[in-house]
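Below is one structure, written out as structure tokens; the observations come after it.
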Amino acid sequence: MTAYRTIVVGTDGSDSSYVAVDKAAALAGDAGATLYIVCAYYPTDDRDVAAAADVLKDDAYQVRGSAPTHEILRTGRDRATAAGATNIIERAVVGEPVESLLTLVKDIEADLLVVGNRGLNTLTGRLLGSVPSDVARKSRIDVLVVHTVR
């Protein structure tokens, strides 16, 4: 088995997703691989953000447009560096998380996709799908689902 050369990890700024970043970074550091830290988002206007924040409460960080995306990626880079990754590339991608991750994986010919298990064992995840289950089902490369939420 060959070592992974290019690893992609998705983050949405949640504590859970940063655990996945830590794991992916440790793997990238050990393998001398390039680590892509990816955050997908949809641009929003202030009215949409206020309405979503009211409904989503603690999960509202996911819909605040591109400004927090750059902060999420910076935090991911800091954590990845601390976990041992040395070659880190940040990518903010407009779009839905699953398709954004899979498109990037294909475009850069990544070897491994890392995601957290958040949403995997929830009723919503089972009914509507979740990022970890959808990428695992659709990916053509290895997928590591990190247990970040128990």
Place a point 7 Å from the Cα of Ile89 in the direction of its beta carbon; the residues of the stretch 1-22 whose amide N falls under 11 Å from it are 6-8
Other residues with Cβ under 13 Å from the Cβ of Leu73 give, with Lys and Arg +1 and Asp and Glu -1, a net charge of 0
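Every read-out reported here was derived from the displayed coordinates using simple, explicitly stated rules and does not represent laboratory data. Computed from a predicted model, the values in this text were never measured in an experiment. Neighbour counts run over all protein chains shown; Cβ positions are idealised from the backbone, glycine included.
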